[in-house]
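Reviewing the structure listed below.
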Amino acid sequence: MRRILHIDMDAFFAAVEQQRRPELAGKPVVIGGGGDPARRGVVSTANYEARKFHVHSGMPLRTAFKLCPRAVFLPIDYETYSRISRDIKEVLRAISPVMEDVGIDEAYLEVTGHEEPDEEIAVRIKAGVREKTGLTCSIGIASNKLLAKIASDLRKPDGVTIIRECDVESRLWPLAIRKLYGVGPKTEESLKAMGVETIGQLAALSREALVERFGNSSGGYLHEASRGIDESPLVTHWEPKSMSRETTFQEDVSDWQAIARTLAELAREVTVDLRGQHTLARTVTIKIRFADFTTFTRALTMAGHTDSEEGIRKAAFACLKRIDLDRKVRLVGVRLSSLAKEPEDEIFS
Ligand code: TTP
Ligand code: MG
């Protein structure tokens, strides 16, 4: 039985701003675009005070201003948030080296085999994060990533929630299908057309019905996810032996062709890096960060070690197919891991 924690910062960008500007305490704060609600741009984060006025992420700044004119509007300072994000990840990595970095304000941490009880680890994380950054986070604990992520969202801010396998029916099934990782607006719409609104209703459908509607891979995923089953491992990003390349677009893109071209170019560049080190790779991981900073990674382990550009590009494209490109994309990355020196190691692989 695995033990996995999902850590998600509370109103992250706003919390950082409030931490460094004590005069904002108790006020509604909205972070987005250049910070001028008269200009084009959307809300990245609203703090909990602003959320009381129904201001939320993704909403035009102008709308947020209408709902809450007395809110303090601030520009995004991505550099600072990234730096603090790195500090937070450092705290986590000191607790367990098995960490998956999923985005600027969230991560998974695996503590399988640790002696310390889950609750105590959670308390230690909160204390460490608070000491290093002055910020609060919410933590979900479960036997897999899917349930841990759902759990961290159940008690915000500053909460700790444990979902055990026996809690799936009472905690998971009442939730809206959209809460299930991987269910975006398109899948939600298709499921609603089938009369499915909650995860419990999804779990009531047969695997066959889901496979028929969504195909083998997605249908099978939905079937298992609705039952709280998820065996996916943590994708750790700090393996010392990996090589990566990534690109942030000048402007967020929604054009599949442009994303595919960039992915092919990154695959080419990272293959050149690989050959330069006289190394072969077996695992290809791609990273897609959407305009809202949510980040997805997909990995594929090939049959053998290779430095073939074509093989690596094909693996990267196979990974890309497994991500629902339903929003604008901000960043694309390719990483190679499971590396082996050529040619000696190759015969042992
Ligand atoms: P979230 O964790 O979704 O939101 P949050 O941390 O602001 O609030 P919560 O307490 O509910 O977790 O996103 C983390 C950061 O990512 C957020 O502070 C800003 C950024 N973000 C955007 O820029 N646009 C978006 O649409 C969303 C959802 C997040
Ligand atoms: Mg958050």
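Extent of the stretch 242-347 along its three principal axes (Cα atoms, max minus min coordinate, largest first): 44, 23, 20 Å.
Considering the chain as a Gaussian network with a 10 Å cut-off on Cα pairs, which listed residue, Arg70, Arg282, Arg155, attains the greatest mean-square fluctuation? Checking each option, the largest mean-square fluctuation is seen for Arg70.
Expressed as a whole percent, the proportion of Cα-Cα pairs in the stretch 59-163 lying more than 17 Å apart is 59%. Within the chain, the percentage of alpha carbon pairs spaced more than 39 angstrom apart rounds to 17%. In this simple spin-label approximation, His114 and Glu165 carry label points 7 Å from Cα along the Cα→Cβ vector, and these lie 2.2 nm apart. Once the C-beta distance of Arg178 and Glu212 is scaled by a Förster radius of 25 Å, the resulting FRET efficiency is 0.70 to the nearest 0.05.
Taking a ≥ b ≥ c as the square roots of the eigenvalues of the alpha carbon gyration tensor, the stretch 172-235 is rounded, as a/c is under 1.5.
At q = 0.23 Å⁻¹, what is the base-10 log of I(q)/I(0) for the stretch 1-99 according to the Debye formula with one equal point scatterer per Cα and no solvent? Please give it to two decimals. For the requested q values the scattering log ratios are -1.11. Give the cross-link partners of Lys179 among the lysines, using a straight C-alpha distance below 25 Å as the criterion and excluding same-chain residues fewer than 8 apart. Within the straight-line cut-off, Lys179 pairs with Lys52, Lys89, Lys126, Lys145, Lys149, Lys156, Lys192, Lys287, Lys321, Lys328.
Between the stretch 225-286 and the stretch 52-88, how far is it from one alpha carbon centroid to the other, in angstrom? So the separation of the two Cα centres works out to 29 Å.
Using a/c under 1.5 as the rounded threshold, could you call the stretch 137-268 rounded, prolate or oblate? The axes a ≥ b ≥ c are square roots of the C-alpha gyration tensor eigenvalues, and prolate needs a/b larger than b/c, oblate otherwise. Since a/c reaches 1.5 but b/c is at least a/b, the shape of the stretch 137-268 is classed as oblate.
Every read-out reported here was derived from the displayed coordinates using simple, explicitly stated rules and does not represent laboratory data. The model shown is predicted, which means the values in this text are computed figures rather than measured ones. Quick reminder, even Gly has a Cβ in these numbers, built from the backbone with ideal geometry, and neighbours come from all protein chains shown.
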